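Participant: One structure coming up, written as structure tokens, with questions to follow.
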Amino acid sequence: MKKITTTWLLLFVTTFLFAQTSTEQIINTKEVERIERVLAADDMKGRRVFSPEIDKAADFIASEFKAAGLQTCPPDWNKQAGNNSSTYRQEFTIVSPRFKGLTAVFDGQTEDAKNVVVVTTQPSITADEKAGYEKAKLAAGANLFAEAQKYIRSGKNYLVLVDTSYSKNFARLALLKRGMFAMSNSVVFVLTTKDPATYKVEAEHDITEQKLANVVGVLPGKSKKDEYVIFSGHYDHIGIGKPVDGDSIFNGANDDAAGITAVILLAKYYKALNNNERTIIFATFTAEESGGYGAQYFSRQFDPAKVAAMFNIEMIGTESKWGKNSAYITGYEKTDMGAIMQKNLAGTGFTFHPDPYTDQNLFYRSDNATLARLGVPAHTISTSKMDSEPNYHKVSDEVETLDLDNMTMIIKSIALSARSIVSGKDSPTRVKVDELR
């Protein structure tokens with residue numbers, strides 16, 4: 001028994017020392033600066049979606065994942081790519097319908113077009129009782145947009161009769177057509193007090209398709225391959241804008257090249273350790289700044305019940321309101337993930353705090369939100385002082401404004417704080433979906 005205990009102790013100490021050595025060797029200020037200076041360089045022109053520069057950024061991230069030794073994104077997580085090849089690019093298409101016109105007739109009477117909104121990705125549709133459209137009612141007192149989304153995502157064709165109590169916001173349903181994933185179904189919303197026995201709606205749209213891509217690498221788990229831990233951030237920013245003192249490039253060094261730098265270095269760190277029992281997914285999302293489409297598409301590719309935790313990393317390049325060696329976690333109170341992370345940091349002097357900016361709803365404003373709404377303990381880690389961050393969404397968000405030494409310490413702390421979750425020892429409690437707004 002004593003011999004076994006001694007062996008175990010030596011193994012523990014060796015593993016701990018290796019973890020510490022790997023952290024220093026892989027996650028260091030020199031590497032942080034190297035990655036930051038590539039992603040936030042002027043020649044990236046602010047990494048705006050649909051630009052050549054964001055593709056350049058994606059290629060750089062993919063090359064870093066390849067150098068780390070990650071596996072590529074499995075084909076079944078890349079359904080829209082149209083092939084069975086394995087790649088780090090998780091490609092998908094955004095469809096933007098531009099309304100051209102419609103006619104609507106209910107019980108033989110022409111309906112005012114302003115009382116009808118058609119959500120579709122088809123250039124033309126004809127909806128009537130013979131075309132397989134199910135009829136549904138959206139009664140007063142519900143959340144208009146949440147209920148509308150349920151019908152849109154159902155995969156079925158619907159005629160939805162919307163109670164007139166929603167008249168003030170009904171026209172805003174048209175906003176749901178601004179950038180969508182391709183739909184196999186169409187939904188017709190009608191603001192009415194009637195339930196027509198017969199109806200016919202004909203609608204025309206111009207359809208524009210645009211391609212986007214997340215960049216995703218995978219480190220398979222050993223004993224729990226079907227349980228996932230996600231480290232993520234977004235690599236897009238807002239591009240080029242109106243010049244300020246001769247500078248028009250929104251470099252996005254903190255927002256969110258900082259998060260991507262963390263994801264890349266965490267990938268290299270965990271690959272070097274090579275002891276993860278759960279599968280780790282390293283996901284860098286596109287289009288966070290323009291609707292969160294990257295995270296939304298990513299989240300649809302697998303069962304959220306299999307995701308043990310998501311560490312979304314956003315703007316960690318500046319000191320938090322508590323100073324160095326600290327960060328906050330959005331939605332801290334919704335699971336015990338923050339408590340687990342802090343437990344793993346005992347003795348390090350680093351502190352994770354609850355989000356102090358709850359009035360800004362940050363838990364719902366970043367790429368963690370899609371999975372969190374499905375019950376996943378998915379949180380964003382940040383240091384950004386949202387009430388006074390001087391360079392947020394400004395041309396001054398450049399590498400020179402970052403505290404790279406403190407940022408390095410934050411990335412190391414994330415690596416250490418996640419270790420019991422990555423190992424499968426700890427499983428954070430789930431978000432209670434019925435409590436979400």
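The values are calculated or read from the model by the stated rules, or taken from the named source; none is laboratory data. Remember, predicted model here, so these are calculated numbers, not experimental data. Please note: Cβ atoms are built from the backbone with ideal geometry, for glycine as well, and neighbour counts cover all protein chains shown.
Participant: Let me confirm something: among Leu362, Leu402, Leu374, Leu436, which residue is among the hydrophobic types (A, V, I, L, M, F, W, C), surrounded by 21 or more Cβ atoms within 10 Å (Cβ to Cβ) and at pLDDT below 95?
Facilitator: Only one candidate passes the filter, namely Leu362.
Participant: Is one or more of the residues making up the range 148-167 surrounded by 15 or more Cβ atoms within 10 Å (Cβ to Cβ), β-branched (Val, Ile, Thr) and not in a helix (DSSP H, G or I)?
Facilitator: There is at least one residue in the range 148-167 that is surrounded by 15 or more Cβ atoms within 10 Å (Cβ to Cβ), β-branched (Val, Ile, Thr) and not in a helix (DSSP H, G or I).
Participant: Are there any pairs, at least 6 apart or on different chains, whose C-beta atoms fall under 6 Å, with the first in the range 158-172 and closer than 18 Å to Thr198 by Cα and the second of a type in the set (Phe, Trp, Tyr) and surrounded by 17 or more Cβ atoms within 10 Å (Cβ to Cβ), and if so, which?
Facilitator: Sorted first by the residue in the range 158-172, then by its partner, the pairs are Tyr158/Tyr151; Leu159/Tyr133; Val160/Tyr151; Val160/Phe189; Val162/Phe189.
Participant: Could I ask something else about it? Given the range 1-120, what helices (runs of 4 or more DSSP H) lie entirely inside it while holding 3 or more residues that are at pLDDT below 95?
Facilitator: 2-26
Participant: Turning to a different aspect of this structure: Looking at the range 207-226 only, could you name the residues that are more than 14 Å from the chain's Cα centre (by Cα), under 23 Å from Glu91 (Cα atoms), at pLDDT 95 or above and in a strand (DSSP E or B)? So that I can check it myself, show each step before the final result.
Facilitator: Of the residues in the range 207-226, the ones more than 14 Å from the chain's Cα centre (by Cα) are 207-211, 217-226.
With under 23 Å from Glu91 (Cα atoms) added as a condition, the list becomes 207-211, 217-220, 226.
Then keep just the ones that are at pLDDT 95 or above; that gives 217-220, 226.
Answer for the range 207-226, where residues must be more than 14 Å from the chain's Cα centre (by Cα), under 23 Å from Glu91 (Cα atoms), at pLDDT 95 or above and in a strand (DSSP E or B): Gly217, Val218, Leu219, Asp226.
Participant: Out of Met310, Met315, Met341, which single residue is part of a helix (DSSP H, G or I), modelled with pLDDT of 95 or more, farther than 19 Å from Arg89 by Cβ and assigned by TED's automatic domain parsing to the domain that holds Thr87?
Facilitator: Values: Met310 fails: part of a helix (DSSP H, G or I); Met315 fails: part of a helix (DSSP H, G or I).
The unique qualifying residue is Met341.
Participant: While we're here: Starting from the range 116-135, keep only residues that are over 27 Å from Ile94 (Cβ atoms), then list their pairs with residues that are part of a loop (DSSP other than H, G, I, E, B) and among the hydroxyl-bearing types (Ser, Thr, Tyr) whose Cβ atoms are within a distance under 7 Å, requiring at least 6 positions of separation or different chains.
Facilitator: Glu129/Thr198
Participant: Just to be sure I understand, how many residues within the range 198-246 are buried (at least 20 other Cβ atoms within 10 Å of the Cβ) and free of Cβ contacts under 8 Å to residues at least 12 places away in the same chain?
Facilitator: Total satisfying the criteria: 0.
Participant: If we scan the range 103-111, do we find a residue that is in contact with a helix residue (DSSP H, G or I) (Cβ under 8 Å, 6 or more places away or on another chain) and outside the structural domain of Ile264 (by TED's automatic domain parsing)?
Facilitator: Yes, that holds for at least one residue.
Participant: So, one more: Pro354 is checked against (1) within 19 Å of Glu288 (Cα to Cα); (2) at pLDDT 95 or above and fails just one. What number does that condition carry?
Facilitator: (1)
Participant: Among the residues of the range 352-369, write down those that are in a loop (DSSP other than H, G, I, E, B), acidic (Asp, Glu) and either out of contact with any Asp or Glu (no Cβ under 8 Å at 6 or more places or on another chain) or within 13 Å of Glu333 (Cα to Cα) (or both).
Facilitator: Asp355
Participant: Can you tell me which residues in the range 368-402 are closer than 19 Å to Asn254 by Cβ and in contact with a Ser or Thr (Cβ under 6 Å, 6 or more places away or on another chain)?
Facilitator: Result: Asn368, His379, Thr380, Thr383, Asn391.
Participant: State yes or no: is Ser96 under 22 Å from the mean Cα position of the chain (by Cα) and of a type in the set (Ser, Thr, Tyr)? Let's see the steps before the verdict.
Facilitator: Numbers: under 22 Å from the mean Cα position of the chain (by Cα): yes; of a type in the set (Ser, Thr, Tyr): yes.
Judged against the criteria, Ser96 is a match.
Participant: Among (1) surrounded by fewer than 18 Cβ atoms within 10 Å (Cβ to Cβ); (2) in a loop (DSSP other than H, G, I, E, B); (3) aliphatic (A, V, I, L, M), where does Val395 come up short?
Facilitator: (1)
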